[in-house]
Amino acid sequence: MAREHVQRPALALVEDVIRQVQTRDDINVPNPVNLARAVNRHRQKMRPREPSDKQFMLDVGYIGGDEFLVKDILTEDGERHIILATQIQLQHLQTATRWFMDGTFKIVRDPFMQLVSIHAFIRKSECVKQMPLAFILMSRRTKRVYVTVLGALIEAMAAPPAVEWIMMDFEIGNYDYHTYFLIRHKYL
């Protein structure tokens, strides 16, 4: 089952199997958490190797299919940036008037430097939550790169976004108001 349902959480698979095979008389049932770890160790052998350079072949089957990949940008100078979002996430991002951007460096590995996430508030009835709507793996952090990836994200939307302002937590040396100004006037 772990091989057939690679996107399904291991613990959910384990619980389904236990429900199918367990009887009322069973008193020595293995710990589901330990079985889930064994499932994940088995799945680890099936996963592709970590990329060692920026020229790797992206297998979209491991990221949820073509519907999650917005754009895979390979630049002339050998840099690579991958934009991820579903069409529904892009629609929400397109209609949001305020974007919240943040970059993290701790969870990404070479050949990438940072993962940027773009969030916005989503309303459903009376409930309002801030949700992540786009993810960008970046191999470089320059103004030109931010303009390129945000431009590609905006081009992937059905219509120009309604964003009025963007709040971000970036180091001033890598991203500042001038870059936002360039993006705003170039793409909006």
Practice problem: Please determine, by comparing only the residues of the stretch 107-131 that are touching a residue at least 40 places away in the same chain (Cβ under 8 Å) and touching a Ser or Thr at 6+ places or on another chain (Cβ under 9 Å), which one is farthest from GLU79 (Cα to Cα). | Solution: ASP110
Exercise. Among the residues of the stretch 100-124, count how many are of a type in the set (Ser, Thr, Tyr) and at pLDDT 90 or above.
Key: 1
Self-check item: Scan of the stretch 61-105 for residues that are of a type in the set (S, T, N, Q) and within 23 Å of ARG140 (Cα to Cα), ordered by number
Solution: THR75, THR104
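Keeping to the stretch 91-111, report how many residues are of a type in the set (A, V, I, L, M, F, W, C) and under 17 Å from GLN130 (Cβ atoms).
5
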Exercise. Run GLU76 past the list (1) farther than 18 Å from ILE118 by Cα; (2) in the same structural domain as SER117 (by TED's automatic domain parsing); (3) of a type in the set (D, E, K, R); (4) outside any loop (DSSP other than H, G, I, E, B) and report the number of the one that doesn't hold.
Key: (4)
Exercise. Please go through the stretch 13-51 and pick out each residue that is in a loop (DSSP other than H, G, I, E, B) and either more than 30 Å from PRO111 (Cβ to Cβ) or in contact (Cβ under 8 Å) with a residue 40 or more places away in the chain (or both).
Key: GLN22, THR23, ARG24, ASP25, ASP26, ILE27, ASN28, VAL29, PRO30, ASN31, GLU50, PRO51
Quiz item: Would you pick out the residues in the stretch 73-83 that are buried (at least 20 other Cβ atoms within 10 Å of the Cβ) and of a type in the set (A, V, I, L, M)?
Solution: ILE82, ILE83
Exercise. Kindly indicate whether any position in the stretch 170-179 is at pLDDT 60 or above, more than 21 Å from ASP72 (Cα to Cα) and not β-branched (Val, Ile, Thr).
Key: no
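The values are calculated or read from the model by the stated rules, or taken from the named source; none is laboratory data. Owing to the predicted nature of the structure, the values given are computational and were not obtained by experimental measurement. No Cβ is skipped: glycine too gets one built from the backbone with ideal geometry, and neighbour counts run over all protein chains shown.
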